[in-house]
Amino acid sequence: MNINKKRIKFLEIGAYILVILSMIVISLYNTRLAISDIFVPRATYFPLFAVFAFIILPIALPLFSVASWLKVKGTIKIKELIAFICLGFAATNLHDVVWCYVKTEGYSIAVPGGHDLDIWSAVYHLPSDYITFGAVMFIQMIIFLGVAFYILRNKIDLIYVSFTVVVTGIIIYILDSPPHFRLYVTLPVFLSLLILPLLFKKVGIPINKRRIVKK
């Protein structure tokens, strides 16, 4: 898959737009911007929140890695594209693992799931509780990381990749948490989320910077 420099720039701009939109939608759901409950109940708003938090955001962030890869190599294989996207989903899964850890006080207390687990429970046919959900998300995270590391081994810095996934998961967790963190934490989190694209840009820089010449 070959993409010229102009299209790479459009890719980065589009990714920035998706990240900012995701940040706004997540913040509306958690009433950090004090808007969502005014218009619709949170349960009604949840599907939109879930799409941006758990699908669009984890796809948007790795697009910065893809852009960096393309700038160096000039082309990217489909399996490499999939690997980068897996990293985004691994980060959101880590957010779920941490969320459930806090919700269940270290996975020691059974807590029934709320409306946020209804769709997941129906799709996976598993009990709607946060211990089960957290365990499945942990396994899912390991699978995503395993796929990404296998494909990208010897191609990018996997230690830095691991650091980026952990930082991203924690930042998303804080952003997705109730607004009791207050403004003095919320503002740095917003700024941190905008810094995440810089981290993912570095993820996509190959160890071997020799440009691929398509025959």
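None of the figures in this text is laboratory data; all of them are computed from the coordinates on show. Computed from a predicted model, the values in this text were never measured in an experiment. Counting neighbours? That spans all protein chains shown, and the Cβs are built from the backbone with ideal geometry, glycine included.
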Quick calc: nm separation of the 7 Å Cα→Cβ label points for Val51 and Asn154 -> 4.2
Under the 7 Å Cα-to-Cβ spin-label approximation, Ile17 and Ala135 lie apart by a distance in nanometres of 4.3
Length gained if Lys202 through Tyr107 is fully extended, taking 0.36 nm per residue and subtracting the Cα-Cα distance, is 30.8 nm
Over the range 5-199, the quotient of the Cα radius of gyration and 2.2 N^0.38 Å is 1.05
